[in-house]
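Here's the structure we're looking at; comments come further down.
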Amino acid sequence: MRTAIWALAVVVLLPACKCNPTVTGVTASLKVAPVSVDFGPVKVGAKATQVITLESLSKTQVNVSGATIEGAGEFTVGMVPPTVDALMKNTFELTFSPTAVARFEGTLVVSSNDPDRPTIRVPLTGDGAQPKISVTPDCAAARQCVGSVTVTPPAIDFGAEPFVRLLPIDASRLPSVNIVNEGDVALVLQQVSIQGADAAAFTFTGNAMVPQGGAPLDPQQGVNLAIRFKPTSEGQTDYVATMVVLSDDPANPSVSVSLKGKLRPNQAPVVCANVIRVEPELDAPRDYSTKADWDAVQPPPAGGYDFSSSRDIDPRANVLLSALSDAADQTKCTSDPEDGRAGLTYLWTLVSTPPGVGSLMLSGASTPTPSFRPVVTGEYGLELSVKDTQGHETKVPLKLAVAVKNDLVAQLQWPGFSDVDLDVHLVRPSAATSADAFSGAFDEFRHGTALKTSGDINGYARSIQLKFPGGGYDFDWGLPGTSDDPRLNIDDEGNKGQIENVSLNKPENDPLCGGDAGCTYRVMVHYFKDTRLPMTPPACVVDGGAACVDGAQCDCAQAGARCVTDSAPAGDAGVGAGKCYAAPKPVVRIFLKGSAIPAKVIPLDTLSPADDLALGAPCQMLHVADVVWPPKKDIGSLPDGGTPLAKVTAVGADGTGRITAPSLTRFGVRQAGGSLQCAPDVSVGSFGWYTRQP
């Protein structure tokens, strides 16, 4: 049973068998890549190549019978491989060599034994092109370029330039030349140079050397070359040269840029100056250094600076000056047109001062920012000199006014008498209780609601106020508050320049100024002490006669000497043996309404021979001047809203202003033994006080 089934299966299968089949061969199949070739722009006379790839797509070798060009002869075929192995690749080169500026087209025809595509055609294109050079000078205002340019024909005018410049112009601000390839193929720069007799005056700031074989610039690529002009001689005015650019641009193989410049004579510095800060001893500092303050003084006035009315300067204030309108910007004044502030030298000098100024020094006089401390009221003249490295100099004068901005100011000086202490006294009208010339002098602290107000402001009274701060002593002269109270601005014991200064605002607020005739303020000087050492003065004798009293010349032979008795006790005018001392000579100046120009000088400093007014002995009091202030009703009474000026009278002056009848007395005593210290002669509470003596 099993055998029969197997035999049946064999019988069924036999009809499916084929015998003697026909075998078909593998045919060649060729692929050429790329399917088209565009060489793009190629420089005329140059050549470009592309690789053509032949690929067998079948399992049999492809036989290549040829590769030819149809069309433009600028396309050429390299060595073509005769065969391409099965499933392999082979290559050959195709070259484009344009002969003109034009578009070229052609066809690559590849023949093979590929039965389906016996020839394969590849479109070819290419452009013959040339480089195109552009040479353009540039001096854009946006970069603050120094000079000017012309584009056509290309030229640069560097203008006038000094022979010496310590700070060269920054390269970013120099005129430059842009060299750009505006063509479609590479440009070769062959040489960049500056030629001509004056070529040495013009230099490139960067590297302009062209390497051997040239420097290629791709299409739309460029270089920028900045040029600096520097005169080579102070004896030559005009300079001319030519920048020459050589390239392989056949249309413009050589391009020239004209260069010219002039020698500019060295210019002196531009100088400005300012009072930038005032630091008073008793008040807050005053700042004048803002941009607005500087803008107001620039450019420098033709006649120099006058700060008399725009700067409030007190005696003994520290005054800061500056020549730098902008400390950070070196081009702002003070600066040199060529070099900014490099190499500048500064010198500030005092060229004029008020009478009586001694050795006033400027601190930092050789710097751009000095300072000084004026003491004497009046007008000061300064000069700022600035030189550059070539020695060119600019001088600028300055005028300052030093004054206490109060209505009434009395300034006392006794120049040349160091260690002699004179005190200025200002006595208010209501302190004078009698017609006596010295009524009110050394007025005690006995007025006011608390009976502790003094009517005489002076160094000794002020020292009592300071010594007893809780004592309630004051100088409350006018209305409540301190705005119209007197102030001792400078108190000198003989070691600060021999000067004192006292001032008062609104003198019309004294009770006695309410009438019709005004009121009188008295100005006096007291000889307080003398500490001049060592001294070996000649002997003398005071006989008590009309011509020989204490402090008179008596028998002192030396010019200007006065005889001072060995003692001047209370109740005694001082007679007997004494010594001859050089007598200090006080000078009082009265200033009104904040002016720096005195309304009166006592004694006059214009007399010839000079006035011999002197204080002969310690304790002497000199009544110097009376200041009659307008009554309160006259304040602001003038048509322009002003007030009549006070009247200042020099006590004891003749018609020429010479003090021929000095008003003298004595306050205080001198102890026996030749003391030159004026001591108190009475006690008031816990302190000594001075009263009038013979």
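Taken together, the values in this text are just the output of simple stated rules run on the coordinates, not laboratory data. Just so it is clear, the model here is predicted, and its values are computed rather than measured. Virtual Cβ from ideal backbone geometry, glycine too; neighbours counted across all protein chains shown.
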Taking 622-633, 603-614 and ranking on average Cβ neighbours within 10 Å, highest first, one gets 622-633, 603-614
Here the stretch 574-582 yields Karplus 3J(HN,Hα) values (6.51, -1.76, 1.60; θ = phi - 60°; whole Hz; Gly and Pro given as x) of x, 9, x, 5, x, 10, 8, 10, 5
Stretched fully, the stretch from Lys31 through Phe468 gains (0.36 nm per residue minus C-alpha distance, one decimal, in nm) 145.2 nm
Rounded to the nearest Å, the spacing of the alpha-carbon centers of the stretch 72-116 and the stretch 415-442 is 124
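Using 18 Å as the Cα-Cα cut-off, could you pick out the over-long pairs in Lys585/Lys647; Lys467/Lys506; Lys506/Lys633; Lys31/Lys89; Lys593/Lys647; Lys43/Lys132?
Lys585/Lys647; Lys467/Lys506
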Dividing the alpha-carbon radius of gyration of the chain by 2.2 N^0.38 Å, where N counts its residues, gives 2.01
Semi-axes of the stretch 315-472 from the Cα gyration tensor (sqrt of 5 times each eigenvalue, largest first, whole Å) come to 48, 16, 13
Given 276-282, 466-472, the highest-first ranking by average Cβ count within 10 Å works out to 276-282, 466-472
Here the relative contact order (percent) of the stretch 274-402, from C-alpha pairs under 8 Å and at least 6 apart, is 27
The distance between the Cα centres of the stretch 472-507 and the stretch 539-565, in whole Å, is 35
Cα-based Rg/(2.2 N^0.38 Å) for the stretch 197-350, rounded to two decimals, is 1.75
In the neighbourhood of Ala342 defined by beta carbon distances under 13 Å, the net charge of the other residues (Lys, Arg +1; Asp, Glu -1) is -1
Length gained, Ser385-Gln195, 0.36 nm per residue minus C-alpha separation, equals 64.0 nm
Placing each pseudo-label 7 Å from Cα in the direction of the beta carbon, Glu182 and Leu360 end up separated by a distance in nanometres of 7.0
In deg cm²/dmol, rounded to the nearest 500, the helical mean residue ellipticity at 222 nm of the chain, built from -39500 (n - 2.57) for every DSSP H run of length 4 or more, is -1000 deg cm²/dmol
Once both label points are put 7 Å beyond Cα along the C-beta direction, the Asp295-Lys59 separation in nm becomes 9.5
To the nearest 10 degrees, the tilt of helix 2-13 (Cα long axis) against the first principal axis of the alpha carbons of the chain is 90
Per principal axis, largest first, the Cα atoms of the stretch 274-402 extend in Å by 43, 30, 25
From the Cα centre of the stretch 246-300 to that of the stretch 346-401, the distance in Å is 24
Excluding residues fewer than 8 positions from Lys230 in its own chain, the lysines with Cα under 20 Å of it are Lys260, Lys262
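Could you order the peptides 212-219, 340-347, 638-645 from most to least packed, using the average number of other C-beta atoms within 10 Å per residue?
Values: 212-219: 13.4, 340-347: 17.9, 638-645: 9.6.
Descending packing order for the listed peptides: 340-347, 212-219, 638-645.
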Residues whose modelled amide H sits under 5 Å from the amide H of Asp555, counting only those 5 or more places away in sequence or on another chain, are Val541
